[in-house]
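Student: Have a look at this one.
The values are calculated or read from the model by the stated rules, or taken from the named source; none is laboratory data. Since the model is a prediction, treat every value here as computed from it, not as a measurement. Don't worry about glycine lacking a Cβ; one is built from the backbone with ideal geometry, like all the others, and counts go over all protein chains shown.
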Amino acid sequence: MSRSGADLALLLLGGFRSLVDEATGELALRGYPDVRPVHDFAMRAIAAGADNASELGRRLSVSKQAAAKTIAVLQERGYVARDTDPLDARRKRLQVTALGFDVLRQGEEIFDELRGRWERQIGSAELESLEAHLAALVGASPVRFDTPGWMTRDLGEPA
């Protein structure tokens with residue numbers, strides 16, 4: 001049976017959702033019931049240098065207002081703090097807290113466990129082959145949320 005391109009997209013999305021939903025559920029069991037995928041994306045962006053709402057919004061491809069709401073939630077839960085900029089006391093910079101880094105580490109552990117489950121389910125060689133094929137199709141560039149059309153530009157096609 002031949003599948004359509006839409007079927008492939010849905011299978012890939014289903015794999016992503018399956019992993020993310022299981023990871024979110026496991027984080028809840030480990031004491032972090034309030035963590036959502038967007039929180040992970042935001043904390044990673046902040047850790048990588050997105051130190052204000054405007055920059056976080058750009059990196060997540062959301063409005064400054066949406067980024068500010070995410071920041072407020074992360075601050076309220078203790079995952080992110082605003083610290084005074086050492087170069088400009090009037091400016092506050094975002095930083096991931098120790099608790100935020102703990103959530104990120106736990107999430108990474110969970111994803112490793114889920115990968116192990118998939119490996120046991122389909123076999124090591126099959127999973128490695130799947131990963132190699134996906135890497136070949138997606139390319140070496142990391143997936144970024146702040147660059148619409150990132151894939152077509154990497155392939156030299158018009159965006």
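Student: Being aliphatic (A, V, I, L, M) and in contact with a helix residue (DSSP H, G or I) (Cβ under 8 Å, 6 or more places away or on another chain): is that true of Leu19 here?
Tutor: So Leu19 fits the description; yes.
Student: Would you pick out the residues in the stretch 45-65 that are charged (D, E, K, R) and either over 14 Å from Asp85 (Cβ atoms) or free of Cβ contacts under 8 Å to residues at least 40 places away in the same chain (or both)?
Tutor: Those that are charged (D, E, K, R) and either over 14 Å from Asp85 (Cβ atoms) or free of Cβ contacts under 8 Å to residues at least 40 places away in the same chain (or both): Glu55, Arg58, Arg59, Lys64.
Student: Quick one: which helices (runs of 4 or more DSSP H) sit completely within the stretch 25-94 and have at least 1 residues that are at pLDDT below 95 and closer than 16 Å to Gln106 by Cα?
Tutor: In the stretch 25-94, the matching helices (runs of 4 or more DSSP H) lie at 37-47.
Student: Enumerate the pairs (first residue in the stretch 2-15 and at pLDDT 90 or above; second residue anywhere and assigned to a helix (DSSP H, G or I) and surrounded by 10 or more Cβ atoms within 10 Å (Cβ to Cβ)) with beta-carbon separation below 9 Å, excluding pairs fewer than 6 apart on the same chain, so at least 6 apart or on different chains.
Tutor: Leu12/Leu134; Gly15/Trp118
Student: From the list Asp40, Asp34, pick out the single residue that is surrounded by fewer than 17 Cβ atoms within 10 Å (Cβ to Cβ), under 20 Å from Phe16 (Cα atoms) and either hydrophobic (A, V, I, L, M, F, W, C) or in contact (Cβ under 8 Å) with a residue 24 or more places away in the chain (or both).
Tutor: Values: Asp40 fails: surrounded by fewer than 17 Cβ atoms within 10 Å (Cβ to Cβ).
Exactly one residue qualifies, and that residue is Asp34.
Student: Now for a different question. Being polar (S, T, N, Q), surrounded by 13 or more Cβ atoms within 10 Å (Cβ to Cβ) and out of contact with any strand residue (DSSP E or B) (no Cβ under 7 Å at 6 or more places or on another chain) is the requirement here; does Gln95 meet it?
Tutor: Against the criterion (polar (S, T, N, Q), surrounded by 13 or more Cβ atoms within 10 Å (Cβ to Cβ) and out of contact with any strand residue (DSSP E or B) (no Cβ under 7 Å at 6 or more places or on another chain)), Gln95 does not qualify.
Student: Here is a follow-up. Across the stretch 10-29, what is the number of residues that are more than 15 Å from the chain's Cα centre (by Cα) and surrounded by 14 or more Cβ atoms within 10 Å (Cβ to Cβ)? Break it down stepwise before answering.
Tutor: Within the stretch 10-29, the subset more than 15 Å from the chain's Cα centre (by Cα) is 10-12, 14, 25-26, 28-29.
Going one step further and asking which of them are surrounded by 14 or more Cβ atoms within 10 Å (Cβ to Cβ), we end up with 26.
Qualifying residue count for the region: 1.
Student: Could you look through the stretch 105-126, keep only residues that are within 21 Å of the chain's Cα centre (by Cα) and free of Cβ contacts under 8 Å to residues at least 60 places away in the same chain, and pick out the one that is surrounded by the most Cβ atoms within 10 Å (Cβ to Cβ)? Steps first, answer last, please.
Tutor: Going residue by residue through the stretch 105-126, those that are within 21 Å of the chain's Cα centre (by Cα) are 105-118.
Imposing the further condition that a residue be free of Cβ contacts under 8 Å to residues at least 60 places away in the same chain reduces the set to 105, 108-109, 112, 115-118.
Numbers: Arg105: 10, Glu108: 12, Glu109: 14, Asp112: 10, Arg115: 13, Gly116: 12, Arg117: 12, Trp118: 16.
By that ranking, first place goes to Trp118.
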